[in-house]
Structures are given as structure tokens and as C-alpha cells.
Amino acid sequence: MRQTTSAMAGFDWHSKPTRRALFLAEIDRVVRWRHLCELIEPGYPNSGRGRSPVGLERMLRIYFLQQWFNLSDPEAEEVLYDSLAMRRFAGIDLGREPVPDETTIRKFRHLPERHELGSSLFEQVHAYLEQHWLTL
């Protein structure tokens, strides 16, 4: 596991977990992200040409954040810079890397649509939540 940088550590002495942070922590606990990544992996670009792609699991998490919080591509980029809870959920440490830009987020958002995987991804997440008696 990587060491946390000061960008992720947070130095707020008087903070408490928000409902959003608790929700995302619970989702992170019950969803099997590796399994969801396997559904998309065949259509996800490999390294080799141009820039290296952002990690698949990170982009998938951002995709779900967009759906759950009704975020456009530019809003998703901005909220990831603004919200520590969402950055933690997506696994982004601003001390090490930037947030994926809105174009990268948009291109990934179209990937499940292109391969007709959107509904199966959401059905799988719903099944994980049902197994733990959780609802969205």
C-alpha cells in the first residue's frame, strides 16, 4: 500500500464523517470492484499508443460517482478536486497525480454505453448492495 501524502491526510482537527463519506465508505466495503473491472476490461484501451490510460478501477469508480450524484463530465472533474471523500473513493491522491480531466471522464463514460454494459454494471452493484441489505 502506498504511503498517504499530505494531500490525502487532511489536517482538520474538528472534522466528522459526512453522510456522503459514510455512503461511499459503505459502497467501497461491499462492492467487488475487481469483478466489475473484468466486465469492462476487454474494451478498455491498453498502454502503448499515446498517453497511458488512467486505471480502469479508478475510472469505473468515477463513472459510478457521476451516476449516483448526477454529475456532468466537467462537474465530475471539479468535484473530485473539491471533495476529499470522493477523491478517497476514487483512489486519487493529489500529492501524486491529478484528477482525470473531463475529456478522459467523458470518453470512459461512453465505453459502457458502446459495449452495452451499463445496465449489467448497475445490476451487479445492486446485487452487491442487496446482499448486504443496503439500498441506494
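The values are calculated or read from the model by the stated rules, or taken from the named source; none is laboratory data. What you see is a predicted model; the values in this text were computed from it and never measured. Heads up, the Cβs are rebuilt from the backbone with ideal geometry, glycines too, and the neighbour counts pull from every protein chain shown.
Restricting D93, D12 to residues that are at pLDDT below 90 and either polar (S, T, N, Q) or not in a helix (DSSP H, G or I) (or both) narrows the list to D12. Exactly one residue out of R19, R51, R61, R32 is exposed (fewer than 10 other Cβ atoms within 10 Å of the Cβ) and at pLDDT 90 or above, and it is R19.
Residues in the stretch 96-136 that are surrounded by fewer than 16 Cβ atoms within 10 Å (Cβ to Cβ) and assigned to a loop (DSSP other than H, G, I, E, B): R96, E97, P98, D101, H115, E116, H132, W133, L134, T135, L136.
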